[in-house]
1. Looking for whichever is in contact (Cβ under 8 Å) with a residue 24 or more places away in the chain and either near the ligand (Cβ under 7 Å from one of its atoms) or in a loop (DSSP other than H, G, I, E, B) (or both) here; the options are ALA47, ALA41. Which one fits?
2. Can you confirm whether ASP63 is away from the ligand (no atom under 12 Å from the Cβ) and either farther than 27 Å from GLY139 by Cα or part of a loop (DSSP other than H, G, I, E, B) (or both)?
3. When the residues of the stretch 17-38 are narrowed to those that are more than 16 Å from GLN2 (Cβ to Cβ) and within 7 Å of the ligand (Cβ to nearest atom), which ends up surrounded by the fewest Cβ atoms within 10 Å (Cβ to Cβ)?
4. Please verify whether TYR85 is in a loop (DSSP other than H, G, I, E, B), under 29 Å from TYR158 (Cα atoms) and more than 7 Å from the ligand (Cβ to nearest atom), treating the condition exactly as stated.
5. Find the helices (runs of 4 or more DSSP H) located wholly in the stretch 143-186 whose residues include 1 or more that are at pLDDT 70 or above and among the hydroxyl-bearing types (Ser, Thr, Tyr), and list them.
6. Examine the stretch 38-56 for a residue that is among the acidic types (Asp, Glu) and in contact with a Phe, Trp or Tyr (Cβ under 8 Å, 6 or more places away or on another chain), and state whether such a residue exists.
Amino acid sequence: MQEFDVIMIGAGHNGLVCAGYLLKAGYSVLLLEKQSIPGGAATTEEALPEEAPGFYFNLCAIDHEFIHLGPVVAELELEKYGLEYLFCDPVTFCPQPDGNYFLAHRSVDKTCAEIARYSDRDAAKYKEFIGFWDTLTQGITPIFNAPPKSIVDILGNYGLHNLQDLLSLLGGVDREHVTLAMSNYA
Ligand SMILES: Cc1cc2nc3c(=O)[nH]c(=O)nc-3n(C[C@H](O)[C@H](O)[C@H](O)COP(=O)(O)OP(=O)(O)OC[C@H]3O[C@@H](n4cnc5c(N)ncnc54)[C@H](O)[C@@H]3O)c2cc1C
């Protein structure tokens, strides 16, 4: 009988990443998955083979954002194994019954220009909202990239600019505006 250093149950993205790192560290791994396709809630599947043959859908996870904030793609050399991220632009198309439409772009300025076709105020608030999330993301990125051991380890991942970003979210003159913008778009 073949023996393994580690047996893992569930080939969702966390299982796959964990197995990848264990293999890289030289362990032998048996990863067991009950579905026919690995990936768990992050699969891309031909979900409607009769109605839409050849069209693939993300059944659950659709936004791959946080993976780009850490080293997983580079460290596991996923591109070498065929991973290619295709970034859509425009990112969102919302047709309306009257023939009008809304397009959101990767460029915040272009998206704001599109929002401004409907409301200048909303366009300005959207820019504030994105600014808030950019700062928040910079502030919490070190948490993603630290082993979940202790607060001291996590703090060790913080550089001055991350701390400044985090602290800037605690107060400041724009805080109420940002909170308002967030509630507008929640
Ligand atoms: C509707 C929805 C939308 C989401 N949207 C996003 C998004 O846009 N962006 C994002 O980053 N995240 C999103 N998520 C979250 C993301 O999908 C999960 O965080 C991620 O899939 C968790 O990965 P995991 O490996 O821990 O678990 P899972 O993906 O759940 O994988 C667990 C795996 O274990 C298998 N398994 C379970 N029990 C057994 C067993 N006894 N034997 C063998 N195999 C077993 C399952 O079949 C499955 O493949 C979404 C989640 C849902 C539900």
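1. Numbers: ALA47 fails: in contact (Cβ under 8 Å) with a residue 24 or more places away in the chain.
On inspection, the qualifying residue turns out to be ALA41.
2. Here the answer is no, as ASP63 does not meet what is asked.
3. LYS34
4. yes
5. 160-168
6. Here is the first cut: in the stretch 38-56, the ones among the acidic types (Asp, Glu) are 45-46, 50-51.
Now restrict to residues that are in contact with a Phe, Trp or Tyr (Cβ under 8 Å, 6 or more places away or on another chain): 45-46.
Yes, because at least one residue in the stretch 38-56 is among the acidic types (Asp, Glu) and in contact with a Phe, Trp or Tyr (Cβ under 8 Å, 6 or more places away or on another chain).
The values are calculated or read from the model by the stated rules, or taken from the named source; none is laboratory data. Note that the structure is a prediction, hence the values are computed from the model and not measured. Positions of Cβ are backbone-derived with ideal geometry, glycine not excepted, and every protein chain shown enters the neighbour counts.
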